Amino acid sequence: MAVTVTVTVHSDDPLALAGALSHLRHQPALEVVEPSTPPAGDSVAVVLTQRVDESTAVELRRLVREPGRRVVLVTDQLREPELMAVLEFGVRTILWRAEATQSRLIGAIRSAAQGDSKLPPDLLGQLIAHVSRAQRAASDQPSMAVPAVGLAPREVDVLKLVAEGLDTQQIADKLAYSERTIKNVLHGVMSRLQLRNRAHAVAYALREGYI
């Protein structure tokens, strides 16, 4: 007997919301409930959006963090930076809205409920290209290699200046890096070590004896 998957649908577009609900209601082994319903058992949130803007990103992060909840993102467009951000949030199933037929949407929900990853081929190509570029960059700059655990020398330099109260632009000027590089360094530290903010990152560096 198939396990019933609880499904919530989230969208700011009333027409898109109505269309998704009509696809999903009365489907075997799917129970469509209100978005405010707490996740229970196998639970999947379907997020429908034209593009991943800041408000959508906040909603995706919130949903992914709910225990027992997996997310299917259905969108019209997703640039590479947005793709990487969405994957960092923990979204593993993405479907283009133009390709979101009833059968494909149901298949994506079932895949997500089972913990599988499912990306459109073109997004998978973007991801592979991004990883390849990152690997080439790492091999070209061995002195900037980032350890799996702990802090690299460049990260320590940045956090020392954060601890001194400098802002991003001041740190960039001090270290002769771009402001974007400093932001990427801080984001990488906080993501890799699961630190909440800059203050938490500085506290970690102090506690571990880096600064």
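Quick note: the coordinates plus some simple rules give every number you see, no bench work behind them. From a predicted model like this one, the values you see are computed outputs, not experimental measurements. Note: ideal-geometry Cβ built from the backbone for every residue, glycine included; neighbour counts use all protein chains shown.
General observations
- Neighbour counts of other Cβ atoms within 10 Å put L60, L123 in the fewest-to-most order L123, L60.
- Filtered GluC sites (Glu not before Pro), segment 18-110: DSSP coil and at most 10 other beta carbons within 10 Å: none
- Rounded if a/c under 1.5, otherwise prolate or oblate - segment 141-207, Cα gyration tensor axes: oblate
- Residue order, fewest to most beta carbons within 10 Å, for S43, S178: S178, S43
- In percent, rounded to a whole number, the relative contact order of the chain is 13, using alpha-carbon pairs under 8 Å and six or more apart.
- Angle between the chain longest axis and helix 179-193 axis [Cα atoms, degrees, rounded to 10]: 70 degrees
- When E208, E34 are sorted by how many other C-beta atoms sit within 10 angstrom of their C-beta, beginning with the fewest, the order is E34, E208.
- Cα gyration tensor category, rounded, prolate or oblate, for segment 5-126 with a/c compared to 1.5: rounded
- Degrees, to the nearest 10: 80-89 long Cα axis against longest axis of the chain: 80 degrees
- From the alpha carbon centroid of segment 147-203 to that of segment 66-106 is 30 Å.
- Sparse packing (at most 16 other Cβ atoms within 10 Å of the Cβ) combined with a DSSP loop state is found for the following trypsin sites (Lys or Arg not before Pro) in segment 1-83: R25, R51, R79.
- The alpha-carbon of K160 sits under 16 angstrom from the alpha-carbons of these lysines, leaving out residues fewer than 8 places away in its chain: K174, K183.
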